[in-house]
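None of the figures in this text is laboratory data; all of them are computed from the coordinates on show. Here the structure is a predicted model, which is why all the values come from computation and not from measurement. As a convention, Cβ positions derive from the backbone with ideal geometry for all residues, glycine included, and neighbour counts pool all protein chains shown.
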Amino acid sequence: MHIEKIEYGHEKTGLWSQIAFALIILLTLAAVVITGNLFWKILSSDAPTASTRTFIEDVGKLLAYLLFDLGAIIYLYVKGLLQDEYVTTLE
Amino acid sequence: MEDKITFTITRRKLTEIFMGLVALFFAGGATASILKYLWPATAAKGESVEIKIANADEVPMGSVKKFMFNGKASVLLHMPAGFRAFGSVCTHLGCIAYWKEDENILFCPCHLGKFDPNTGAVISGPPPSPLPAIDIVVKDGAVFALKWKDPNYVKTISFYAGAA
């Protein structure tokens with residue numbers, strides 16, 4: 001029997017990695033703004049406003065933007081900062 | 001003696017912390033939204049809130065506007081005597097009564113209950129009690145719902161009745 005442990009190497013270096021990190025910072029700020037906007041809209045709207053089609057569409061759009069934003073952050077994190085994974089076998 | 005404390009953080013770790021903070025922020029907003037949904041308005045306790053139903057000119061004489069009040073289907077009527085608002089959940093079995101213009105009544109189609117549009121009183125049919133009245137106020141050219149006239153109304157009907 002052996003145990004396999006998946007580990008990551010050191011962070012990537014180089015220009016692409018620095019750009020990816022800068023983009024991650026920007027996209028994280030965007031995610032905070034979108035999340036704040038989304039919940040402010042939900043919490044501050046009164047019932048008649050919140051039941052309109054426009055309101056529901058706006059909330060759906062914000063959720064879609066947030067999902068896209070988070071997807072981009074994860075992509076940049078994996079491709080820009082992580083080295084390829086390798087497996088250590090522990091006997 | 002070396003008393004300098006060195007603290008290093010990788011970009012990777014920083015990214016993970018940022019993502020964690022965004023997730024916490026999202027979770028906080030979601031929790032607040034759920035709490036707002038579960039405890040929507042103080043009017044359930046008989047306190048007064050102002051919820052705009054419509055601009056007065058949107059509801060000309062003899063017409064109605066449906067709206068939701070404290071999660072219950074309700075209706076605003078513009079009668080010759082002025083504006084009236086009632087919960088439109090029938091007091092019989094919880095169907096939604098609607099404005100029947102040709103008979104000048106609020107009508108429940110399930111068991112043919114009829115209600116007076118001025119008072120909400122039962123005209124005919126099986127409903128055991130009048131439609132619940134809603135206190136309203138007209139100001140700045142708009143009609144606002146304030147509270148149920150009977151503060152105990154929402155406790156007397158099924159949670160789901162009239163919740164559209």
note = Just one listed residue, out of A:Leu38, A:Leu67, A:Leu43, is under 16 Å from B:Gly29 (Cα atoms) and more than 10 Å from chain B (Cβ to nearest Cβ), and it is A:Leu67
inquiry  = Scan region B:81-89 and tell me whether some residue there is more than 21 Å from B:Ile136 (Cα to Cα) and buried (at least 20 other Cβ atoms within 10 Å of the Cβ).
reply    = no
task = May I ask you to list pairs of residues, at least six apart or on different chains, whose Cβ atoms are under 7 Å apart, with the first in region B:48-70 being touching a residue at least 24 places away in the same chain (Cβ under 8 Å) and the second being among the polar types (S, T, N, Q)?
result = B:Val49/B:Thr42; B:Phe67/B:Ser74; B:Met68/A:Ser51; B:Met68/B:Ser74
ask   = What number of residues within region B:111-141 satisfy the criterion of being more than 23 Å from the chain's Cα centre (by Cα) and among the hydrophobic types (A, V, I, L, M, F, W, C)?
value = 3
ask   = Looking at region B:111-155, which of the residues that are in contact with a Leu (Cβ under 6 Å, 6 or more places away or on another chain) and farther than 17 Å from B:Ile51 by Cα is surrounded by the fewest Cβ atoms within 10 Å (Cβ to Cβ)?
value = B:Gly125
